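**Student:** Quick one: this structure, given as structure tokens, is what I'll be asking you about.
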Amino acid sequence: MHELALMAELRHLAEEAASREGASRIHRLQLRIGSLSGVDADALRSAFAVVMADREPGDGSGSIDTQGSTLELEVVRTVCFCADCQQEFAPSDVIHACPRCGALSTQVLRGRELELVALEVS
Amino acid sequence: MCGTCGCERPHRLIALQQSLLSRNNAQAEHNRAHFQHHGLLALNLLSAPGSGKTALLEQLARLWPQGPVGVIVGDLATDNDARRLQAAGAQALQIRTGDLCHLEAPQVAAAFEQLDITDMTLLVIENVGNLVCPTAFDLGEQLRLAVLSVTEGEDKPLKYPALFQSADAVVINKSDLADAVGFQRQEALANLRSIAPRARVFELSARTGSGLEPLVSWLCQHLPVAEPHGPHP
Ligand SMILES: Nc1nc2c(ncn2[C@@H]2O[C@H](COP(=O)(O)OP(=O)(O)OP(=O)(O)O)[C@@H](O)[C@H]2O)c(=O)[nH]1
Ligand SMILES: [Mg+2]
Ligand SMILES: [Zn+2]
Ligand SMILES: [Zn+2]
């Protein structure tokens with residue numbers, strides 16, 4: 001599993017943004033993960049603790065304090081597009097069959113997200 | 001003073017909407033432009049451990065009609081795969097990934113620098129044997145090829161849908177063992193089609209070499225038109 005590596009990347013992006021904005025401390029991070037993104041929410045939370053929340057100031061990279069920060073996870077359900085019906089639908093299982101016409105969709109509109117949405121800083 | 005953490009300063013929100021994969025994806029786009037510039041068809045080869053990725057590439061290296069085959073192979077610890085591939089005539093380079101469960105675009109870029117690509121038309125990136133982690137990481141490939149072997153069970157595509165959904169083609173390997181293991185071919189094909197309706201399917205044996213020709217022709221059809229005079233990316 002690569003949740004640790006992803007959280008290290010999260011730290012990098014968050015520190016970069018916080019420095020750019022002249023902040024010195026990160027309090028809260030909002031992350032959006034799609035149900036097809038291949039990451040496990042619990043594993044992400046454990047990795048977040050190691051990389052961010054439990055990290056003492058000055059330990060590791062940068063001058064941004066992330067100790068005690070919290071992670072808010074928003075999980076995005078898969079949404080596909082049916083080319084025959086020209087409509088979006090939320091598949092009920094791993095097979096992306098349109099509930100109206102039964103056609104298999106090859107267009108995933110949402111569900112692959114791995115996004116840092118926002119940061120609360122001071 | 002702030003109510004939640006007791007600090008003296010006001011909190012503020014920074015809106016970002018930034019993908020955690022953005023650095024990887026930028027490097028992947030760069031790789032893609034690079035491969036294209038050199039007239040290379042780049043393939044990302046994915047499967048569970050032991051499905052036969054290296055065995056398939058050994059065969060491809062022998063059969064490929066246009067120049068040497070380049071292989072960048074990710075492995076946790078050893079360089080066995082690279083040695084097997086070199087013995088089969090490929091230009092193979094091993095990336096030791098340590099405890100990383102997938103390859104990322106910057107590793108591929110660094111390995112690519114060290115590869116002699118004279119007369120090369122096909123570059124295959126053999127990913128780490130893993131059906132989950134490599135899926136999200138674009139390496140700059142033109143095509144994704146997933147391998148499933150008959151010994152793994154007909155429902156693999158249903159258990160690991162994201163990987164099979166992302167594949168342009170799926171190889172069903174070890175067909176020489178199909179009878180011995182009671183492989184339910186129709187069921188496997190139906191599962192695969194329900195998950196990856198657009199993927200091409202090739203049934204073959206990397207051991208005996210039977211069934212490889214259709215894959216070779218399909219790859220040849222995807223060879224890029226080289227732009228020898230274009231700017232270097
Ligand atoms: N019978 C049979 N055995 C095969 C076939 N393809 C591969 N094998 C065997 O399966 C084992 C694993 O094959 P590899 O080519 O090393 O598989 P891999 O996917 O590269 O494995 P990793 O790189 O470790 O993930 C080896 O013992 C191969 O000889 C096949 O078509 N038929
Ligand atoms: Mg291998
Ligand atoms: Zn992983
Ligand atoms: Zn429909």
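**Student:** State which residue pairs qualify: first residue within 14 Å of chain B (Cβ to nearest Cβ) and inside region A:77-97, second residue within 16 Å of ligand 3 (Cβ to nearest atom) in any location, beta carbons under 6 Å apart, and separation of 6 or more residues or different chains.
**Tutor:** A:Thr78/A:Leu36
**Student:** Another question, if that's okay. Which one of these is more than 14 Å from ligand 1 (Cβ to nearest atom), under 21 Å from B:Cys101 (Cα atoms) and in contact with a Lys or Arg (Cβ under 8 Å, 6 or more places away or on another chain): B:Ala42, B:Ala55? Give the derivation first.
**Tutor:** Numbers: B:Ala55 fails: more than 14 Å from ligand 1 (Cβ to nearest atom).
Every option except B:Ala42 fails the conditions.
**Student:** Continuing with this model, one more query. Being among the acidic types (Asp, Glu), more than 15 Å from ligand 1 (Cβ to nearest atom) and open to solvent by less than 30 Å² (accessible area, probe 1.4 Å) is the requirement here; does B:Glu126 meet it?
**Tutor:** Answer is no for this residue.
Quick grid of which residues meet (1) out of contact with any Ser or Thr (no Cβ under 8 Å at 6 or more places or on another chain); (2) modelled with pLDDT of 95 or more; (3) within 30 Å of B:Asn191 (Cβ to Cβ); (4) of a type in the set (S, T, N, Q):
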| residue | (1), (2), (3), (4) |
| --- | --- |
| A:Arg25 | no, no, no, no |
| A:Ala41 | yes, no, yes, no |
| A:Gln67 | yes, no, no, yes |
| A:Thr70 | yes, yes, no, yes |
| A:Leu104 | no, yes, yes, no |
| A:Arg112 | no, no, yes, no |
| A:Glu120 | yes, yes, no, no |
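**Student:** Against the definition (within 12 Å of ligand 2 (Cβ to nearest atom), of a type in the set (Val, Ile, Thr) and touching a Cys at 6+ places or on another chain (Cβ under 9 Å)), how does B:Val132 come out, yes or no?
**Tutor:** Here the answer is no, as B:Val132 does not meet what is asked.
**Student:** May I pose another question? Go through region A:10-33 residue by residue and tally those that are without any contact (Cβ under 8 Å) to a residue 60 or more places away in the chain and open to solvent by less than 30 Å² (accessible area, probe 1.4 Å).
**Tutor:** Adding up the residues that qualify gives 2.
**Student:** Further, regarding this structure: Is there any pair with a first residue in region B:173-198 that is more than 14 Å from chain A (Cβ to nearest Cβ) and a second that is modelled with pLDDT under 95 and within 16 Å of ligand 1 (Cβ to nearest atom) whose Cβ atoms are under 9 Å apart and which are 6 or more apart or on different chains, and what are they?
**Tutor:** From region B:173-198, the pairs are B:Ala188/B:Gly153.
**Student:** Something else now. Scanning for something of a type in the set (D, E, K, R), within 14 Å of ligand 1 (Cβ to nearest atom), in a helix (DSSP H, G or I) and within 14 Å of chain A (Cβ to nearest Cβ), does region B:137-158 turn up at least one residue?
**Tutor:** Within region B:137-158, one or more residues are of a type in the set (D, E, K, R), within 14 Å of ligand 1 (Cβ to nearest atom), in a helix (DSSP H, G or I) and within 14 Å of chain A (Cβ to nearest Cβ).
**Student:** Would you mind telling me which numbered condition in (1) among the basic types (Lys, Arg); (2) out of contact with any Phe, Trp or Tyr (no Cβ under 9 Å at 6 or more places or on another chain); (3) modelled with pLDDT of 95 or more B:Lys156 fails?
**Tutor:** Among (1) among the basic types (Lys, Arg); (2) out of contact with any Phe, Trp or Tyr (no Cβ under 9 Å at 6 or more places or on another chain); (3) modelled with pLDDT of 95 or more, the lone unmet condition for B:Lys156 is (2).
**Student:** While we're here: Can you tell me which residue within region A:98-122, out of those that are without any contact (Cβ under 8 Å) to a residue 24 or more places away in the chain and either facing another protein chain (nearest Cβ under 7 Å) or away from ligand 4 (no atom under 14 Å from the Cβ) (or both), is nearest to the chain's Cα centre (by Cα)?
**Tutor:** Among those that are without any contact (Cβ under 8 Å) to a residue 24 or more places away in the chain and either facing another protein chain (nearest Cβ under 7 Å) or away from ligand 4 (no atom under 14 Å from the Cβ) (or both), it is A:Thr106.
**Student:** Going through region B:194-224 one residue at a time, which ones are in a strand (DSSP E or B) and under 19 Å from B:Phe183 (Cβ atoms)?
**Tutor:** Scanning region B:194-224 gives B:Val201, B:Phe202, B:Glu203.
**Student:** Within region B:135-153, count every residue that is within 11 Å of the chain's Cα centre (by Cα) and either away from ligand 2 (no atom under 16 Å from the Cβ) or under 17 Å from B:Arg32 (Cα atoms) (or both).
**Tutor:** Residues meeting the conditions: 10.
Per-residue answers, yes or no, for (1) hydroxyl-bearing (Ser, Thr, Tyr); (2) in contact with a Gly (Cβ under 7 Å, 6 or more places away or on another chain); (3) open to solvent by 10 Å² or more (accessible area, probe 1.4 Å):
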position: B:Pro134; (1), (2), (3): no, no, no
position: B:Glu141; (1), (2), (3): no, no, yes
position: B:Lys159; (1), (2), (3): no, no, yes
position: B:Asn173; (1), (2), (3): no, yes, no
position: B:Asp176; (1), (2), (3): no, no, yes
position: B:Val201; (1), (2), (3): no, no, yes
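**Student:** Just a yes or no: is a residue in region A:36-59 facing chain B (nearest Cβ under 9 Å), part of a helix (DSSP H, G or I) and more than 23 Å from B:Ala136 (Cα to Cα)?
**Tutor:** The answer is no, given that none of the residues of region A:36-59 is facing chain B (nearest Cβ under 9 Å), part of a helix (DSSP H, G or I) and more than 23 Å from B:Ala136 (Cα to Cα).
**Student:** May I pose another question? Would you mind stating whether B:Gly182 is over 17 Å from A:Val108 (Cβ atoms), at pLDDT below 95 and either of a type in the set (Lys, Arg) or open to solvent by 10 Å² or more (accessible area, probe 1.4 Å) (or both)? Walk me through it before giving the result.
**Tutor:** Values: over 17 Å from A:Val108 (Cβ atoms): yes; at pLDDT below 95: no; either of a type in the set (Lys, Arg) or open to solvent by 10 Å² or more (accessible area, probe 1.4 Å) (or both): yes.
No: the conditions fail for B:Gly182.
**Student:** Just the residues that are within 15 Å of ligand 3 (Cβ to nearest atom) and touching a Cys at 6+ places or on another chain (Cβ under 7 Å), please, taken from region A:1-45.
**Tutor:** Listed by number, the residues that qualify are A:Met1, A:His2, A:Gly38.
The values are calculated or read from the model by the stated rules, or taken from the named source; none is laboratory data. The shown structure was predicted, so the numbers you read here are calculated from the model rather than taken from an experiment. Positions of Cβ are backbone-derived with ideal geometry, glycine not excepted, and every protein chain shown enters the neighbour counts. Quick note on the areas: whole protein, heavy atoms, side chains included, nothing else; ligands and nucleic acids left out. Shrake-Rupley method; radii C 1.70, N 1.55, O 1.52, S 1.80 Å.
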